[in-house]
Amino acid sequence: AQSVTQLGSHVSVSEGALVLLRCNYSSSVPPYLFWYVQYPNQGLQLLLKYTSAATLVKGINGFEAEFKKSETSFHLTKPSAHMSDAAEYFCAVRRGGAQKLVFGQGTRLTINP
Amino acid sequence: DGGITQSPKYLFRKEGQNVTLSCEQNLNHDAMYWYRQDPGQGLRLIYYSQIVNDFQKGDIAEGYSVSREKKESFPLTVTSAQKNPTAFYLCASSIEGASNYGYTFGSGTRLTVV
């Protein structure tokens, strides 16, 4: 079975500081990995995805994530936080075939001025 | 532009009433999903459908029903049997069998029991 663990349900950083949101997965086969962002009262929007083409994946809004097989991790980073980054972030994993996406519990990111 | 449309944005239900949430997509996606979101509980799968006229229960199907008569539409009915329906409901769609694709989400419906 595959699963996703997001470390920290709530992360708070200062504006301009590094953003690091952690995601670890378990999968018996190489997975496809995704990060989504959700702003209040809205649906989820795809930030970026890993599909085995490159281990460092760049997404929208200046975010990027690195796939580390040895650590089974896919952490999301942004060098400098902006107030508009305040949202909830979800990591998700999907195996090959007709498997459904499995979502982590989400991490709420707060940006302090 | 292609996408998923959920309506209404806000919905109020009286005790004992059934209500239906609409989800329509024009992405030509085969698979569609319904999730429930409560504060601090992430996304929980209610029902999903991989093909027209077929659907499967998710993790929390009790008190809900769905239909998939058309590829574009996947309405969710919250029945009176659902004792705590107040939540944010999200519909999503995906290309069936394309594991690298991910899901496209609608903007959600917030249901409140009054």
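A short reminder: the numbers here are calculations on the coordinates, not readings from a lab. From a predicted model like this one, the values you see are computed outputs, not experimental measurements. Reconstructed Cβ throughout: ideal geometry from the backbone, glycine too, with neighbour counts over all protein chains shown.
Worth pointing out:
- Test: residue in the stretch A:28-49 that is on the phi > 0 side of the Ramachandran plot and not in a strand (DSSP E or B): yes
- Every residue from the stretch A:1-50 that is touching a residue at least 12 places away in the same chain (Cβ under 8 Å), crowded, with 19+ Cβ neighbours inside 10 Å and in contact with a Ser or Thr (Cβ under 7 Å, 6 or more places away or on another chain): A:GLN6, A:VAL19, A:LEU21, A:CYS23, A:TYR25, A:TYR32
- In the stretch B:49-81, the residues that are within 12 Å of chain A (Cβ to nearest Cβ), free of Cβ contacts under 8 Å to residues at least 40 places away in the same chain, surrounded by 15 or more Cβ atoms within 10 Å (Cβ to Cβ) and of a type in the set (S, T, N, Q): B:SER49
Rundown of residues vs (1) in a loop (DSSP other than H, G, I, E, B); (2) facing another protein chain (nearest Cβ under 8 Å); (3) farther than 19 Å from B:ILE4 by Cα, yes/no style:
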site	(1), (2), (3)
B:TYR47	no, no, no
B:LYS83	yes, no, yes
B:LEU90	no, yes, no
B:TYR101	yes, no, no
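- Selection from the stretch A:67-101 of residues that are within 14 Å of chain B (Cβ to nearest Cβ), free of Cβ contacts under 8 Å to residues at least 40 places away in the same chain and in a loop (DSSP other than H, G, I, E, B): A:GLY97, A:ALA98, A:LYS100
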